[in-house]
Amino acid sequence: MTTNLSKQLSPEEVDVLSRYTNLCVSIDSADRKTLARIRRKADVRIITYNLMLIRAAALQRQQQPPNFLFGTVLNDVSIFELCSLVSFAAACGVNVIQFGDLHEWTDLPKDIAVGHVTNLKGEAFRRAYKELLDAIELSKKLGVEARIQPNLLELYSAAATNIGSNEPVAESESAEASESTAVVSSQLDDQTFEFPEFGAAKLRRQGLQVPEGKTRLCYDPWTFLHINSQGSVRPCCFYTEVLGDIRHTNTTLDELINGDMIREIRRGLFTGELGTECQTCKFKKIVDVDAFQAELAEYLGRKERTHVDSLTSAGIDAVRTWPRKADSLFVAAHTDGGQALSSGGGFGSPERAFDGQSDTFWVSPERGPDNAWLGFAFPAQQWIGRLVLTQTNNAGFRQDLVEVQYRDGDDEEWASAVIARIPIDENKSFIDLREPVRARQWRVLARADNAVDETHAWTPLSLEFFSPVGQSRNGS
Ligand code: SF4
């Protein structure tokens, strides 16, 4: 979800936002005055306070706070403050900072407070560009991942050819740039940039033309909708044509998601026969059609698989594996005096999943769902709040849906603690229980249909148990 966090959040809103996995915050400067100038009504003090409230609400529930991403639009004012924004992001515990180009909507009033970076004149542009490169370097050092919009650096390097003149580094909008693909280079401080001889003005308005056999790496029309406060729906943030209006008409989101227009956009991206807007989009990389088709199929296949799982009776309540609670809230459970358990009466050496070796594993004798299980009997009742299951990524030898169960004695029924859905490409899975449970015997039961072929067998590499801090001793 993307938000500017610029209104004072209510406790209910804080609670809801604290349950998101990822939150993108739109912010272009850590300076109060600059930010207020760019985004009217935005106050960096309120943003920071909201951000901390959201983190605190998650921690109070003993859950991992959302991953925060700063979405930063570069412009001719705030670009000079990027290094302070990066350090501010690091201080706020932000994981990612994303630098995007200013999109110049033609239907907006001309009195917006900032302009495109390439409006800057020679020496000012040099300083701006250097600030961006310095900010990228700083983010690496501070452990904040910097994501840079495709074509952004190409645009700046193209503009850099005009450094030295007393004109804006981009050519005038009316100048027609060459369509030639000849490569030239320009020097900025100690860096040399190469770029097609294409012209900064044109790059500023649109991305590079997509050649035959290529397309844009864009999943937006499959995974994303942009809905503005007026009810207009677009397939991405940049499409000028709208899919429809859900506020002033009876059109439903379902109709728009499956409508002719968005399907045609998807078809264009999938085949490389792009419509004008995707053809000239400056926000998505150009890739081979074949590679895109393969990546999209895999991406959607993962989603589809998740969807199918969620429709099975076992999957209805399944939670996605994820370290929802902070690592510092757990300690490894004491296993001294305990014993490995498994289906098949101990066949396949279940103790290998608890020996701390990464190259040994238990081999299940069963095939198919609801049969195989791996567990551990503690010498006394043990509070457990988290399990960590490590598996191979070979599909026939892993499980993608498991249920954690517990009981105290051999003659008792197993009770369910949680059902967890494991992404197909995940090796190490964190299964956090909704609440810690105290019991003597614990097991993880296969609930998926992997390992159904007679040559397959579930082979977990390790199963680890973690107790909440303060409840790490047996029975305490
Ligand atoms: S305009 Fe760009 S972001 Fe939007 S759907 Fe097309 S390629 Fe994707």
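Fewest neighbouring Cβ atoms within 10 Å first, the residues 455, 3 line up as 455, 3. Could you please state, rounded to a whole Å, how far the C-alpha centre of region 370-433 is from the C-alpha centre of region 1-52? Centre-to-centre (Cα) distance: 38 Å.
The residues 79, 47, when put in order of fewest to most other Cβ atoms within 10 Å, stand as 47, 79. Note on region 19-83: Cα-only Rg and Dmax are 13.4, 42 Å. Amide H contacts of residue 24 (H built 1.01 Å from N, in plane; Pro and chain starts excluded): 2, 3, 69 sit under 5 Å, all sequence-distant by 5 or more or on other chains.
Can you give me the P(r) profile for region 4-48? Cα pairs, bins 10 angstrom wide beginning at 0, each as a whole percent. Binned Cα distances yield the sequence 28, 49, 23, 1. Treating r as the C-beta distance of residue 424 and residue 358 and R0 as 22 Å, the FRET efficiency rounds to 0.60.
Cβ crowding within 10 Å ranks 254, 288, 43, 101 as 254, 288, 43, 101, fewest other Cβ atoms first. Available extension along the chain between residue 331 and residue 49 is 98.4 nm, counting 0.36 nm per residue and deducting the alpha carbon span. Remark: for residue pairs 282/428; 141/428; 140/428; 7/130; 141/282, the C-alpha separation exceeds 30 Å in 282/428; 7/130. Neighbours of residue 344 by Cβ distance under 12 Å: Lys/Arg scored +1, Asp/Glu scored -1, total 0.
Every read-out reported here was derived from the displayed coordinates using simple, explicitly stated rules and does not represent laboratory data. Here the structure is a predicted model, which means the values were calculated and not measured. As a convention, Cβ positions derive from the backbone with ideal geometry for all residues, glycine included, and neighbour counts pool all protein chains shown.
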